[in-house]
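Step one of this worksheet: look at the structure below.
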């Protein structure tokens, strides 16, 4: 036996009330001077009878108080015979509808999501009055359809019927955690969480999901875990369903220059049995307008068809690139979006460690590569300053006349040392999403770099400077680029060893030896043949830093600046670094939108059109605008009152395209973590479990019956005594 | 008929005044009173009825009228009446503050009767008693006797326990040998058997006995609702805490049984019994007396 609300047993203190009232009543009496004393005598038997009646009445009232308190404390028993006769206890139920796009898989005109809604509606029909229900829509961030437990089942029915279409991925453990929190406030003994899903392995028992379950299990005491019923609403779905999907779009350039080609990559992927006919065409749209079709080549390895295409954007501003294939049984993965920021020119600030102003200083090579003097409309807007001239405010001031020419990329070219105030400015620049390229040459002083900016991996510098290695006079021993190491999105263009290329011909007789251990956060993205890194990258704040072991000019007798790839390398590195801020427009689910116009537009009303639902108008008093309701995957279109449009794309979970169902082992692995997990099919499977003899039976109703009986007895007895009077 | 409310009369003070007002009011209300001139010196003849003593037949009247007349003597028509007033503690009970106590009520009744009796030229005596004889005023027909009776009544305060039966025996045996009327004003809270035996004794002496059972309404109806401690008026140590609502039925039944038994057993002794509620007018007692007087 136990109590659901044992604290209320303190109310048993009220048992003293009837005796106290009884005693107090005995102390309060009238006094009458009386003559006919002889008639006041009652027999000893009557006196005893009255005494017994008073005692019985007092005990009866104490019993009433005791039963009432015990009933309020909600006692329960584990008695099999009682479980058979007891009325079904009221329960609190949280229904979780899987809202991932795999639930949109449609067969015979009905999706798994529709089946889940039907199941939930059927389950509600089986509930009894007093049962309370809450409904959650599980996505990457769960959405409450009814935000609280309510006995209004009609409200739950309405919420289920109005549930939005499945979209994006799912974080089921987060939804279950939310359900547990909802049920924590429940005073009922019977609490159930019912997950209505399509039995897909991804999102339930894939490694990442299992990690999440483990996290949930470790943070939840076993006693706090309600029954977790898992229902596969499409048990008949074949495990080998063919499904073509488009992978998320990738591009090295989330920031592009007007009129320049930008390369995009994606994949057509076949899930399910091989031998399926691929879609005939892949449509491309820019800002919702058709921009051509691509015919996929034949099926490549493992059902994947890589697609690469280029696109030019002729106007500056935010653009939305969309690719799509014809809708199939699962429409959620037949479209991918990518937001691109197109700029008239990309502002770059170059700080040169060479104080000479001659034509041969290091920065001039980079200037010639990025903005040649003969190019009337260069893609980059450069400003070159010496290290002495480099002040922190240069990173916040426009380089050109327009307000939107604040530097996106900072290049520190072979500077001897970076002062602390300069280092702090660079940190802030990176924190805001800027890109920094640091090149090392003969002037660089390791001590200052390491102590001030590497700080044993805690600083923004990706690697520790050791020493310059190699002899610039021994060209035959010069290190070369290991082209196979060029895996990074910034450098994969150079992943070849053709003559004249970076991988095929560049040599570096002398370079800095960089210590880039994994724990420091630096990742080598290009290796030299002497096993030292050429480039080391590190993410810092919202920005990126690339540290180059060579000065990226003609110093130390390298042939890099003589190669045709030098210009491309300079472009790719700068675009790559500038695109660090591109992550701000291609978002993960739940990552907030942060909007700050780069052209100095004054704060004012902003309209946001989410993927589903009506547009929202937000009054902005101060930039930046932060909008964190990015639960749904898809395109968010932001429009200012001046007509400026900014696209944001919340990327979907590509794993949802894989409809592989859970096998027994998958199911068991989750059940092992969450002990109360049971896999069922019908509402009756859930409801019949309550009849388990081992189930706790709430007996407050029994006490209530006793209270009513005692109350009736007390009234009868009081009336009888009063009648006797 | 004008009735007198004893509670109103109290404020005028003095039993003499009260008694006078009661009686005169009563007599004024009784028009064409059959008792007027009843006890004057004129002796009259009345027709003989079986049972009259033959020696009282007026033979001369028989000779003249050829009818049998009995000659009534003046001295035989004077009635000797005794008022026995119970002055025990229980008579001090006063139901509500507006009501007279039973003893006060009995005083008024006794005073009124005395006034009326003397007005009728009957001899009246007064005896007050509780466990012992408090006062004994022999019966006299002298109008001046009234003052003595009323003064004694006024001075008497109720107290002591009720034990009247032995005293009645004593009275019957020593003080009231001559036949007369005895009007007893009491609550009779005594042992019933003893009372009846004493009444038998009085009846044995050929006294006409009238019991005026003086009771407060509260004693009859027991209207109490709350837990109450009853403190004896006769013994300070005697207290009883009573759940009045529980007790009421028993009390009323017991009390009524006692009263009815007293009445029935008195009736068997040809003793009149009259309930005198303290909330009822006092002059009712006068009617009772005159009725009884007529029969006597």
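The values are calculated or read from the model by the stated rules, or taken from the named source; none is laboratory data. Every value quoted in this text rests on a predicted model; they were computed, and no experiment measured them. Cβ coordinates were reconstructed from backbone atoms using ideal geometry, including for glycine residues, and neighbour counts include every protein chain displayed.
In this structure, does residue A:514 turn out to be under 39 Å from the mean Cα position of the chain (by Cα), buried (at least 16 other Cβ atoms within 10 Å of the Cβ) and closer than 21 Å to residue A:566 by Cα?
Answer is no for this residue.
Take the residues in the range A:33-74 that are surrounded by fewer than 18 Cβ atoms within 10 Å (Cβ to Cβ), farther than 15 Å from residue B:246 by Cα and at the interface with chain B (Cβ under 7 Å from one of its Cβ atoms); name whichever of them is farthest from the chain's Cα centre (by Cα).
Among those that are surrounded by fewer than 18 Cβ atoms within 10 Å (Cβ to Cβ), farther than 15 Å from residue B:246 by Cα and at the interface with chain B (Cβ under 7 Å from one of its Cβ atoms), it is A:38.
Report whether or not residue B:171 is part of a helix (DSSP H, G or I), closer than 23 Å to residue B:291 by Cβ and assigned by TED's automatic domain parsing to the domain that holds residue B:266.
Details: part of a helix (DSSP H, G or I): yes; closer than 23 Å to residue B:291 by Cβ: no; assigned by TED's automatic domain parsing to the domain that holds residue B:266: yes.
Criteria not met by residue B:171.
Inspect all residues belonging to the range B:198-214 and state whether any of them is within 14 Å of another protein chain (Cβ to nearest Cβ), modelled with pLDDT of 85 or more, out of contact with any strand residue (DSSP E or B) (no Cβ under 6 Å at 6 or more places or on another chain) and more than 23 Å from residue B:287 (Cα to Cα).
no
Being within 14 Å of chain A (Cβ to nearest Cβ), under 27 Å from residue B:262 (Cα atoms), buried (at least 20 other Cβ atoms within 10 Å of the Cβ) and touching a residue at least 60 places away in the same chain (Cβ under 8 Å) narrows it down to one residue among B:159, B:180, B:95; which is it? Spell out the reasoning first.
Numbers: B:159 fails: buried (at least 20 other Cβ atoms within 10 Å of the Cβ); B:180 fails: within 14 Å of chain A (Cβ to nearest Cβ).
The match here is B:95.
Given the options A:472, A:476, name the one that is surrounded by fewer than 22 Cβ atoms within 10 Å (Cβ to Cβ), touching a helix residue (DSSP H, G or I) at 6+ places or on another chain (Cβ under 6 Å) and in the same structural domain as residue A:557 (by TED's automatic domain parsing). Walk me through it before giving the result.
On the way: A:476 fails: touching a helix residue (DSSP H, G or I) at 6+ places or on another chain (Cβ under 6 Å).
Going through A:472, A:476 in turn, the sole match is A:472.
Identify the single condition in (1) within 14 Å of chain B (Cβ to nearest Cβ); (2) part of a strand (DSSP E or B) that residue A:23 does not satisfy, given that it satisfies every other one.
(2)
Name the residue that is surrounded by the fewest Cβ atoms within 10 Å (Cβ to Cβ), counting only residues in the range A:459-469 that are in a loop (DSSP other than H, G, I, E, B) and in contact (Cβ under 8 Å) with a residue 40 or more places away in the chain.
Here the answer is A:460.
I'd like to check which strands (runs of 3 or more DSSP E) are fully inside the range A:80-150 and have at least 3 residues that are at pLDDT 85 or above, in contact with a helix residue (DSSP H, G or I) (Cβ under 7 Å, 6 or more places away or on another chain) and more than 19 Å from residue A:685 (Cα to Cα).
Per the criteria, A:132-138, A:143-150.
Does any residue of the range B:231-240 turn out to be more than 25 Å from residue A:45 (Cα to Cα) and away from chain A (no Cβ under 13 Å)?
Quick first cut of the range B:231-240, residues more than 25 Å from residue A:45 (Cα to Cα) only: B:233-236.
If we keep only those that are away from chain A (no Cβ under 13 Å) too, we end up with none.
Within the range B:231-240 (the criterion being more than 25 Å from residue A:45 (Cα to Cα) and away from chain A (no Cβ under 13 Å)), the answer is no, since none of the residues qualifies.
This table checks each residue for (1) touching a residue at least 40 places away in the same chain (Cβ under 8 Å); (2) closer than 19 Å to residue A:709 by Cα; (3) in a helix (DSSP H, G or I).
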{"site": "A:12", "(1), (2), (3)": "yes, no, yes"}
{"site": "A:19", "(1), (2), (3)": "yes, no, yes"}
{"site": "A:31", "(1), (2), (3)": "no, no, no"}
{"site": "A:46", "(1), (2), (3)": "no, no, yes"}
{"site": "A:52", "(1), (2), (3)": "no, no, yes"}
{"site": "A:56", "(1), (2), (3)": "yes, yes, yes"}
{"site": "A:61", "(1), (2), (3)": "yes, yes, yes"}
{"site": "A:65", "(1), (2), (3)": "yes, yes, yes"}
{"site": "A:68", "(1), (2), (3)": "yes, yes, yes"}
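Restricting to the range A:544-562, count the residues that are farther than 14 Å from residue A:488 by Cα and touching a helix residue (DSSP H, G or I) at 6+ places or on another chain (Cβ under 6 Å).
So the answer is 5.
Show me the strands (runs of 3 or more DSSP E) entirely contained within the range A:284-347 in which 3 or more residues are loosely packed, with under 14 Cβ neighbours inside 10 Å.
A:289-294, A:304-312
Filter the range A:348-359 down to the residues that are outside any strand (DSSP E or B) and touching a residue at least 24 places away in the same chain (Cβ under 8 Å) and list them by number.
Passing the criteria: A:353, A:354, A:355.
If the requirement is being in contact with a helix residue (DSSP H, G or I) (Cβ under 8 Å, 6 or more places away or on another chain) and in the same structural domain as residue A:366 (by TED's automatic domain parsing), which of these qualifies: A:447, A:433?
None of the others qualify; the one that does is A:433.
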